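The values are calculated or read from the model by the stated rules, or taken from the named source; none is laboratory data. Since we're looking at a predicted model, the values are computed, not measured. Cβ atoms come from the backbone with ideal geometry, glycine included; neighbour counts cover every protein chain shown. The protein model used for the area step is the full one, side chains on, heavy atoms only, and it has no ligands, DNA or RNA in it. Shrake-Rupley method; radii C 1.70, N 1.55, O 1.52, S 1.80 Å.
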Amino acid sequence: MGKTIGLTGSVATGKSTVSKMIQKAGIPLVDADIAARKVVERGTVGLAEIVAYFGKEILLADGSLNRAKLADIIFKNEDKRQKLNKITHPRVKDYMLEERKRYFAMGEKVVFFDIPLLFESHLESLVDQIVVVWVTPETELKRLMERNNLKKEAALDRINSQMGIDEKAKKADFVINNNESLEKTEKQVSAFIDRFVNNE
């Protein structure tokens, strides 16, 4: 059995950037966001359950999920967010474990699990080590407002729906500081891969 490394961060900390660097280095990575899309595609049991609870108005004209509309609903309502998580999380987990099994069967020694809500969803037991992509809370807010064209209040709502980035960093085995240049981030990713992946 190989090793599984969890990659996480918070919204707008640059986890996707680090994720791409890991994949560029040729290391298999299973992305929870992709898994979350797969398990609610048209025709899935996951989507049928979401429609049963939230109603048909969360569908687009072609019958697929209107993710933006659903996001608006759940960011404002904790109960509905919990309900959506109950529907999707077990399916996402199963999808990711299947992908990992496939990679290990192909002879891979290390697989990354890219899970934005690793701590919030209590999925630490799925991985052997945890890498957190960190920036200062000020940088996080600024980047999110710019990236998603959000007002400060809306951006803070999104940030506050997750565990704070400093708290996540304390729980990590390894922290990648993504507060400065891309070049500095790349160096940290390379150092991490050399130390934890290539030594396998």
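Just a few scattered comments:
- Choice from VAL51, VAL40, VAL132 showing the highest fluctuation, given a GNM over the chain with Cα pairs closer than 10 Å: VAL51
- Rounded to two decimals, the Cα radius of gyration of the chain over 2.2 N^0.38 Å is 1.06.
- Extent along principal axes [Cα atoms of the range 94-198; Å; largest to smallest]: 47, 32, 25
- With respect to the chain, whose longest principal axis is taken over its alpha-carbon atoms, helix 137-148 is tilted by about 50°.
- Charging the Cβ of each Asp and Glu at -1 and of each Lys and Arg at +1, and nothing else, the dipole of the range 1-142 about its Cα centre rounds to 240 debye.
- Across the options ASN148, LEU118, MET106, the greatest Cα extent toward the positive end of the charge dipole of the range 63-164 (unit charges at beta carbon of Lys, Arg, Asp, Glu) belongs to ASN148.
- Paramagnetic label zone (point 7 Å from Cα along Cα-to-C-beta, ARG67; backbone N under 15 Å) in the range 127-142: none
- Length-normalised contact order for the chain - Cα pairs under 8 Å, 6+ apart - percent: 36 percent
- Rolling a 1.4 Å probe across the protein heavy atoms gives the chain an accessible surface of 56 Å² per residue.
- Only protein heavy atoms count here; on that basis, with a 1.4 Å probe, SER125 has an accessible area of about 110 Å².
- Carbon and sulfur %, accessible surface of the chain computed with the full protein complex present, 1.4 Å: 50 percent
- With respect to the chain, whose longest principal axis is taken over its alpha-carbon atoms, helix 67-76 is tilted by about 90°.
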